[in-house]
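Here's the structure, in C-alpha cells; my notes come after.
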Amino acid sequence: MKTERGPEGQTAASVSTVDSVSVQKSLAEHIAVAYRPLHRGFLIATMAYYSFVTFAHFPDESGITLVVMASISAATALYSVLLWRIVETRQLSVGGLELLNGVLHLLMLLNVLAYQLAHYEPAKMVYFPLLAVAFAMSSVTQRSVLISVAAALGSMLLVARSSEPDSFGPYIFIAIASAVTCIGLSTLLRGVVQREVTARIRSEAAQLATLELSEKSARLANIDFLTGLPNRRHFMQMLTDMVEQADGVVVCIVDLDGFKGINDAYGHAAGDQVLVEVARRLQGDGRLKPVVARIGGDEFGILLPGKPDAEILQGWSQMLITQLKQPFYLDAAVARLGGSLGIAESLEGDSAETILDRADYAAYEAKHHHKGGLVVFGEQHQATISHTHKIERALLQASFEHELVPVFQPIINIATGRPESYEALARWHSPELGQVSPASFIPIAERLGLIPRITQCMVRHALDLAAKLPDQQRVSVNLSMHDLASADAMYNLSAILAASDLKPCRIDFEITETAVMHDSQEATTALNVLLAHGARISLDDFGTGHSSLSRVQTLPLNRIKIDQCFVANVETSRASQAIVKTTLDLCQNLGISCVVEGTETAEQIAALRALGATMFQGYYFSRPVSAAVVLEGQSKKPRSSAA
C-alpha cells in the first residue's frame with residue numbers, strides 16, 4: 001500500500017522538483033529564444049543603417065580613409081545579414097548567441113571609432129552612449145551587457161582624452177550616467193523576459209507532471225493491481241482492436257474451480273497468492289502469443305491473435321488445464337484447484353461483445369457440465385442461445401393472464417385416499433413458440449425479473465380453483481426468492497389476497513431453502529404478511545440446497561415437503577429411510593404436517609408408510625392436471641392405497 005500512496009502524496013513535491021530542475025537547466029536557453037524577436041528587429045535596423053552608411057562615405061571620404069571606413073560599414077551590414085540568417089535558421093545556445101552578438105557590437109563600435117579618429121567631431125561623441133544603450137538592450141546575458149557597455153563608454157573616454165583633454169571631466173559623468181542607464185534598462189528588460197520565461201517553464205513543467213500523472217492514472221485504470229495483468233476494461237479494448245483486424249481472434253475464458261474454498265480455508269492473502277500464480281501459469285506458453293487479462297474475481301480472459309489450428313488450440317487448452325491442476329504452494333499450506341475453459345472464435349461481422357458472450361457461454365457450459373474441462377463454442381451452442389433469446393423476447397411480450405395455463409397436482413392423505421390440497425404449477429403456451437417447458441422459461445423469467453408477475457397470475461388462478469373446492473381443501477403456489485425479496489411483489493400479493501372473496505384464505509405458499517438463505521429475517525417478515533391473510537407456509541424440497549435446522553426453527557412453517565431425491569431408493573437405502581424417518585419425527589414434534597414428494601410406485605408408498613408417512617405427492621397418484629379435471633375428480637371415489 002505504501003507504493004500505491006507514495007506517488008499520490010508526492011505529486012506536489014514532484015512538480016516542485018521538476019520546476020526547479022527545469023528552470024535551472026533551461027532558463028538561459030529559453031531566454032535566448034525569447035530574445036529572438038528583439039534580435040530580429042535589431043539586426044534588420046543594423047543592416048539598413050550600415051548599408052546606408054557604407055554608401056554615405058563615398059561623397060565625403062577619399063583614399064585610404066574611404067577604404068577603411070566603407071569596409072568596416074559594409075562588413076557590419078553583411079555580418080548583420082549573416083547573423084540574421086543564423087538566428088532565423090538555427091537554435092543557438094546562450095554562449096553562441098553571446099559570442100556572435102559580441103562580434104557585431106565590436107564592428108558597430110569600430111565604425112564610430114574609425115570616424116572619430118579620422119574626423120573628430122564633439123557632436124558625434126553622442127554615438128558612444130547610443131551604442132552603449134543598443135548593446136545593453138541586445139545583449140543576452142548580464143556579462144555581455146557589462147562588457148559591451150564598458151567597451152562603448154571606454155572607447156568614448158579614450159577618444160575624449162586624446163581629442164579634448166581639457167574637457168574630459170564632463171565625459172566621465174556622461175559615461176557614468178550612461179552606464180547606470182544601460183545597466184538599469186538591461187536589468188529591467190531581462191527581468192521582464194526572465195519572469196515571462198520562468199512562468200512559461202513552470203507551466204510546461206506542471207503540464208509535464210500532469211501528463212505523467214495522467215498517463216500513470218491511465219495505466220492504473222487499465223491494469224489489475226494484484227496480478228499486473230490487463231483488467232476487464234483494457235481486455236475489452238484489446239479485443240475490440242483485434243476483432244477489427246482481418247486476421248480475427250480466439251477468446252478463451254478461464255473460470256477457476258475451487259477458488260472460493262481456498263479463500264474460505266486459508267484467507268484472502270492466500271487467495272491473492274494463488275491468483276498471482278495463476279496469472280503466471282496462464283502466460284507460460286508464448287508460442288501462440290497469448291494476451292492474458294484478469295476480468296473478474298476468479299476469472300481470466302485470454303486473447304489469441306489470428307485463428308490457430310484446431311489441434312494446436314486443443315493442445316494449448318489442455319496444457320492450461322494441466323497447469324492449473326498442479327499444486328499451489330502457499331506460505332502455510334498446499335492448495336489445489338482447477339479451471340474450466342470456454343473458447344470462441346471470432347466470425348465475420350462479430351463485435352467484441354458478441355464473441356465475448358459466446359466465450360462466456362462456453363465457459364458456463366464447461367463450469368456446470370464439464371468442470372475442469374474445455375468447451376469450444378459450436379453450432380449447437382448457438383442454437384441454444386438463439387432459442388433462449390426467442391424465449392426472452394416472447395416472455396417480455398407475454399400476456400401471462402392469457403398465456404399461462406395452471407395445472408394442479410394433488411397432495412393425497414393416505415388415510416382417506418383423497419386430496420387434501422393441490423399444488424399449482426405454471427405451464428406457458430406462447431402464441432409464437434407454442435408450449436414451453438417450465439425448465440426452460442422459469443430460469444429465464446427469473447433472470448428477466450418476471451417471476452413476481454407469474455406468481456401473481458398463479459395466485460389468482462389458485463384462488464379461482466380454491467373457491468370451487470370443498471372447504472377443507474387448499475391450493476398451494478410456489479414463491480421464489482424474487483418474490484420474497486421484493487417489497488412491491490409482497491404488497492401486490494397481499495392486495496390480491498385481501499381483494500379475494502375466499503374467506504378464510506385457503507392458499508398455501510411453498511418456499512425453498514435457497515429462496516430464504518440470503519436473509520431469513522427479511523423472508524420471515526414477508527411470510528408473516530401472507531400469514532396475516534390466513535395463508536399457510538410450506539418448506540419445499542427439504543433436505544436439498546442449503547439445509548439448516550435453524551431455518552426450520554425461525555421460519556413460520558405449517559408444513560415440510562421431503563424432496564423426491566430421498567424417495568427414489570427408499571425401499572432399499574437405509575440412509576434414505578433414516579433421513580425420511582428423522583424428518584417425519586421432526587415434523588411431528590414441531591406440530592406441523594409432512595408431505596413426501598416424488599412418489600411413483602406402490603413399493604415406495606409401502607416403504608414410506610412403514611416409516612410413518614401419511615401425506616404423499618407424485619405420479620403414483622396423479623400427474624398435474626387442469627382445473628376442470630380437478631373439479632371433475634371431486635365426485636370420483638378415492639384411490640385405494642398400497643399397504
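Residue by residue, here is whether (1) outside any helix (DSSP H, G or I); (2) among the β-branched types (Val, Ile, Thr) holds:
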{"site": "SER550", "(1), (2)": "no, no"}
{"site": "LYS561", "(1), (2)": "yes, no"}
{"site": "VAL570", "(1), (2)": "yes, yes"}
{"site": "THR583", "(1), (2)": "no, yes"}
Out of the residues in region 300-325 meeting the condition of being open to solvent by 40 Å² or more (accessible area, probe 1.4 Å) and touching a residue at least 24 places away in the same chain (Cβ under 8 Å), tell me which one is nearest to VAL376 (Cα to Cα). GLN314
Mind listing just one residue for me: the one in region 224-265 that is acidic (Asp, Glu) and open to solvent by 50 Å² or more (accessible area, probe 1.4 Å) and, of those, nearest to ARG280 (Cα to Cα)? ASP264
Among the listed residues ALA179, ALA114, ALA150, ALA132, identify the single one that is assigned to a helix (DSSP H, G or I), among the small types (Gly, Ala, Ser) and free of Cβ contacts under 8 Å to residues at least 40 places away in the same chain. ALA150
Output for Cβ contacts, cut-off 9 Å, separation at least six or different chains, first residue without any contact (Cβ under 8 Å) to a residue 12 or more places away in the chain in region 443-468, second surrounded by 14 or more Cβ atoms within 10 Å (Cβ to Cβ), reads ARG447/GLU392
Scope region 518-537; condition open to solvent by less than 60 Å² (accessible area, probe 1.4 Å) and in a loop (DSSP other than H, G, I, E, B); matching residues: HIS533, GLY534, ALA535
Check region 373-391 and report whether any residue there is of a type in the set (S, T, N, Q) and under 14 Å from ILE454 (Cβ atoms). no
Among the residues of region 512-563, write down those that are on the phi > 0 side of the Ramachandran plot and at pLDDT below 80. GLY543, GLY545
Filtering region 488-507 down to residues that are open to solvent by 10 Å² or more (accessible area, probe 1.4 Å) and at pLDDT 90 or above yields ASP488, MET490, TYR491, ASN492, SER494, ALA495, ILE496, ALA498, ALA499, SER500, ARG506
If the requirement is being under 28 Å from VAL243 (Cα atoms), modelled with pLDDT under 90 and among the charged types (D, E, K, R), which of these qualifies: ASP331, ASP285? ASP285
Restricting to region 424-440, name every residue that is over 21 Å from LEU493 (Cβ atoms) and either out of contact with any Asp or Glu (no Cβ under 8 Å at 6 or more places or on another chain) or open to solvent by less than 60 Å² (accessible area, probe 1.4 Å) (or both). SER430, GLU432, LEU433, GLY434, GLN435, VAL436, SER437, ALA439, SER440
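The values are calculated or read from the model by the stated rules, or taken from the named source; none is laboratory data. Nothing here was measured: the structure is a model prediction, and the numbers come from that model. So basically every Cβ, Gly included, is an ideal-geometry build from the backbone, and we count neighbours across all protein chains shown. These accessible areas exclude ligands, DNA and RNA; they are computed on the full protein's heavy atoms, side chains included. Shrake-Rupley method; radii C 1.70, N 1.55, O 1.52, S 1.80 Å.
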